[in-house]
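First up is the structure itself, then whatever we jot down about it.
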Amino acid sequence: MGKVHPSVVILTGAGISAESGLRTFRASDGLWEEHRIEDVATPEGFERDPELVQNFYNERRHQLKTVVPNAAHRALAELEQGWQGDFLLVTQNVDDLHERAGSRSLIHMHGELHKARCQRCHGVFRWEADLGAMTPCPSCGAHGELRPHIVWFGEMPLELDRIGEALERCSLFLAIGTSGNVYPAAGFVRMVPRQARRIELNLEASMVAGAFPEHRTGPASETVPELVRELLG
Ligand code: BV8
């Protein structure tokens, strides 16, 4: 039997994109770009005022064009390149900075700003332009049925089965720039094998810090490249 290589699962949150200039979710004391979460990141909010929600995401799509990946995103792409065992990067972020840094084995469990979904035919399309109340679906032609392909509060996160399978067999789990407020992502650390190495990389202790025997405190643009150098030693 050849040498068994360790498998790694990495979970990232808004903190890894903070130094690229994207505001974190928690920093805005419950307000998000001057909106209440329930008004812009729930299906009820979309139902109530689709125009407000579409514009909230149009603004964030515009902002995405003005930012670039930082050293933490790049270090994770290097780790993937050099890692011998299985590698899975799970992000709660809806930005495209991991892809632009070169990450490949990547799951956006809360969806993506650069995708739209039709509520009529359920098609999912790459989408970098604005979405309006009457934008027609490129597949079924329905008007006013396109929404951001984003997982709102109360909605089922994406690819949980695939994520669960990877968590249950990993020997290294990293959580980077996430506050541990949002479930089920915050519960992933409790799904890894008991003997797996668990490291939290953050500016401060998260809500689930107690589940991590190891912590690297500081900005991700410093702590992630340092840890990657050690791991690829
Ligand atoms: C679900 C897309 C059922 C939108 C997002 C009561 C108790 C517990 C849970 C619940 C509850 N009531 C409801 C729930 C469930 C709810 C939930 O968890 N609510 C919380 C708020 C209480 N969850 C859901 O609704 C989820 N769905 O549960 O469905 C289900 C459950 C299981 C199985 C099947 C079905 C859906 C949640 C998805 C919501 N959508 N995003 C959009 O982006 O527009 S979540 C949103 O928060 C973002 O994706 C964000 O990434 C995510 C989590 O936040 P973080 O990434 O952690 O960001 P945050 O700002 O909080 O923290 C930043 C961290 O970075 C901080 O720790 C900071 O210190 C650190 N940091 C900052 N700068 C740096 C840094 N670290 C390093 N370097 C730096 N420079």
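Remark: the chain carries 49 Å² of accessible area per residue (probe radius 1.4 Å; ligands, DNA and RNA excluded). Annotation: SER171 carries an accessible surface of approximately 50 Å², with a 1.4 Å probe and no ligand, DNA or RNA atoms counted.
Neighbours of CYS118 by Cβ distance under 10 Å: Lys/Arg scored +1, Asp/Glu scored -1, total +2.
Enter the angle in degrees (range 0 to 90, nearest 10) between the Cα long axis of helix 50-64 and the first principal axis of the Cα atoms of the chain, meaning the one along which they spread out most. It works out to around 50 degrees.
Work through the residues other than THR42 whose Cβ is under 14 Å from its Cβ and net out their charges, Lys, Arg +1 and Asp, Glu -1.
Numbers: positive: ARG36, ARG48, ARG147; negative: GLU38, ASP39, GLU44, GLU47, ASP49, GLU155.
Surrounding charge for THR42 is -3.
Against the chain, whose longest principal axis is taken from its Cα atoms, helix 71-82 shows a tilt of about 60°.
Highest mean packing first, where packing is the average number of other Cβ atoms within 10 Å per residue, the peptides 111-123, 86-98 line up as 86-98, 111-123.
Label-to-label distance, HIS62 versus ALA129, with points set 7 angstrom from Cα along the beta-carbon direction: 1.7 nm. Taking a virtual spin label 7 Å from the Cα of HIS35 along the C-beta vector, which residues in the range 123-155 bring their backbone nitrogen under 18 Å of it? 127-135, 144-155, by backbone N distance to the label point.
For every other residue with a beta carbon closer than 13 angstrom to the beta carbon of PRO219, add +1 if it is Lys or Arg and -1 if Asp or Glu, then tell me the sum.
Values: positive: ARG216; negative: GLU19, GLU204, GLU222, GLU226.
With Lys, Arg at +1 and Asp, Glu at -1, the net is -3.
In the range 87-233, the inverse of the mean reciprocal separation of distinct Cα atoms equals 17.1 Å; this is its Kirkwood hydrodynamic radius.
Evaluate E = 1/(1 + (r/R0)^6) for GLN84 and ASP161, where r is the Cβ-Cβ distance and R0 equals 25 Å; express this FRET efficiency to the nearest 0.05. Between GLN84 and ASP161 the formula returns 0.50. So what's the angle, to the nearest 10 degrees on a 0 to 90 scale, between helix 220-232 and the longest Cα principal axis of the chain? The angle comes out near 50 degrees.
For the chain, what is the mean residue ellipticity at 222 nm derived from helices alone (per DSSP H run of n ≥ 4: -39500 (n - 2.57); sum divided by total residues; nearest 500 deg cm²/dmol)?
Details: 8 runs with 68 residues, N = 233.
Value at 222 nm, helices only: -8000 deg cm²/dmol.
The values are calculated or read from the model by the stated rules, or taken from the named source; none is laboratory data. On a predicted model such as this, the values are computed, not experimentally measured, just so you know. Positions of Cβ are generated from backbone atoms using ideal geometry, with glycine treated the same way; all protein chains shown enter the neighbour counts. SASA here: full protein model, heavy atoms, side chains in, ligands and nucleic acids out. Shrake-Rupley method; radii C 1.70, N 1.55, O 1.52, S 1.80 Å.
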